[in-house]
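As structure tokens, the structure follows; a few thoughts come after it.
Values quoted throughout were computed directly from the atomic coordinates according to the rules given, and no laboratory measurement underlies them. Computed from a prediction, not measured in an experiment: that's the story for all the values here. Here the Cβ positions follow ideal geometry from the backbone for every residue, glycine too, while neighbour counts run over all protein chains shown.
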Amino acid sequence: METGIEEKGGGNASAAPLHVLMLPGLDGTGRMSTSFLSALQAHGLTTQAIALPAQGGQDYAMLAEWLWPQLPHQSFVLLAESFSGPLAVELATRHPPGLRGLVLAATFARRPVPLPAAGAALLSPAWPMPPVALLSRLLLGRWRNRQHLSMLHDVLAQLPAATLRQRAAATLRVDVRGLLPQITVPTLCLQARQDRLLWPPSVAELQALLPHARHVALEGPHLLLQARAEPAATVVAGWVRALPTAG
């Protein structure tokens with residue numbers, strides 16, 4: 001049965017490395033995070049990236065139900081990037097028995113841009129996707145390069161535009177702020193200082209509603225894990241390896 005899970009190994013053979021399960025951003029594939037996952041492996045962690053279903057409903061409730069049975073039984077850390085942040089919050093507050101920590105990277109608890117929830121209806125018509133060059137400026141800023149442009153183009157070319165529009169619309173409707181105080185595992189919030197996509201109040205809300213989390217800001221654009229893979233992996237790996245794994 002196809003699960004959409006890509007697994008990669010790493011770490012010390014003499015001891016079981018800690019496990020990081022990643023939920024990808026709006027593209028939903030995980031293919032844009034290869035360098036970041038490889039950097040985590042170099043720090044002694046094992047990693048998985050779960051590709052979200054490209055067909056069917058793309059609202060957060062349906063995606064959370066699809067993801068729930070795929071969570072590992074062994075101890076793991078859930079890492080969510082951008083679009084998947086609200087998904088990770090929802091899953092974490094269901095208290096999966098193996099969950100040891102939560103990492104929220106360049107993400108949000110409610111709409112990430114200053115548009116009303118009603119604006120989601122405007123994304124439903126079959127409008128053309130913005131040019132890759134424009135998206136790269138927004139998502140990568142001065143960190144964009146040929147490799148990033150090629151990767152972004154390839155990923156977007158393989159996904160139905162309707163799926164991307166549905167996910168974008170879902171971000172305008174989501175609001176998991178009320179769930180944040182219910183998170184009981186250690187949490188790391190990783191932010192990008194030059195994020196041109198996230199609305200600053202969305203970032204501030206995570207800081208205010210997760211006061212006991214560790215908040216780290218790195219130089220970089222919204223696609224922080226792609227543009228600054230090694231620095232981001234260093235922060236995440238150091239934090240993950242300090243977590244208790246028993247229980």
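Among 220, 178, 25, determine the one that fluctuates most according to a GNM of the chain built with springs between C-alpha atoms less than 10 Å apart. Highest fluctuation among the options: 178. If R0 is taken as 45 Å, the Cβ-Cβ distance between residue 219 and residue 70 corresponds to a FRET efficiency of 0.85.
Against the compact-protein benchmark of 2.2 N^0.38 Å, the Cα-based radius of gyration of region 142-247 scales to 1.26. When 150, 35, 136 are sorted by how many other C-beta atoms sit within 10 angstrom of their C-beta, beginning with the fewest, the order is 150, 35, 136.
Legend: ranking of residues 206, 71 from fewest to most surrounding C-beta atoms inside 10 Å; resulting order 71, 206. Counting other Cβ atoms within 10 Å as a rough exposure proxy, the listed residues 113, 155, 103 run 113, 155, 103 from fewest neighbours to most. Sequentially through region 80-96, phi angles give Karplus couplings (6.51, -1.76, 1.60; θ = phi - 60°) of 10, 10, 6, 3, 7, x, x, 4, 5, 4, 4, 5, 5, 7, 7, 6, x Hz, Gly and Pro residues having no value and appearing as x. Amide H to amide H distances under 5 Å link residue 110 with 176, where only residues 5 or more positions off or on other chains count and H is placed in the peptide plane. Given only helices, namely DSSP H runs of n ≥ 4 each adding -39500 (n - 2.57), what is the per-residue ellipticity at 222 nm of the chain, to the nearest 500 deg cm²/dmol? Rounded to the nearest 500, the figure is -10000 deg cm²/dmol.
If I fit a long axis through the Cα atoms of helix 200-209 and take the longest principal axis of the Cα atoms of the chain, what angle between them do I get, 0 to 90°, rounded to 10? Result, in degrees: 30. Across 223, 134, 63, mean-square fluctuation computed from a Gaussian network of the chain (C-alpha pairs under 10 Å connected) peaks at 134. Annotation for residue 147 and residue 196: the two label points, set 7 Å from Cα along the Cα-Cβ direction, are 2.1 nm apart. Using just the C-alpha positions of the chain as equal point scatterers, what log10 of I(q)/I(0) does the Debye formula give at each q in 0.11, 0.15, 0.16 1/Å? These q points yield log10 I(q)/I(0) values of -0.53, -1.05, -1.22. Pick from 175, 59, 154: which residue has the top mean-square fluctuation in a GNM of the chain where Cα pairs under 10 Å get a spring? Of 175, 59, 154, the Gaussian network model singles out 154 as fluctuating most.
Roughly what angle does helix 229-241 make with the longest principal axis of the chain, taking Cα atoms, 0 to 90 degrees, to the nearest 10? Roughly 40 degrees between the two axes. Axis of helix 161-173 versus longest Cα principal axis of the chain: the two differ by about 80°, to the nearest ten degrees. The H on the amide N of residue 222, modeled in the peptide plane, is under 5 Å from the matching H of 196, 197, each at least 5 residues off or on a different chain. Electrostatic tally near residue 96: other residues with Cβ closer than 14 Å to its Cβ, Lys and Arg +1, Asp and Glu -1, net 0. Run the simple label-point estimate for residue 173 and residue 31 please: 7 Å along Cα→C-beta, distance reported in nm. Between residue 173 and residue 31, the simple spin-label model gives 2.7 nm. Here the contact order of region 5-241, divided by its residue count and restricted to Cα pairs under 8 Å and six or more residues apart, works out to 25 percent. Between residue 79 and 21, 22, 23, 103, the built amide H atoms are under 5 Å apart, and every one of these is 5 or more places off in sequence or on another chain. Simple point charges give the picture: +1 on the Cβ of Lys and Arg, -1 on the Cβ of Asp and Glu, and for the chain a dipole about the Cα centre of about 520 debye.
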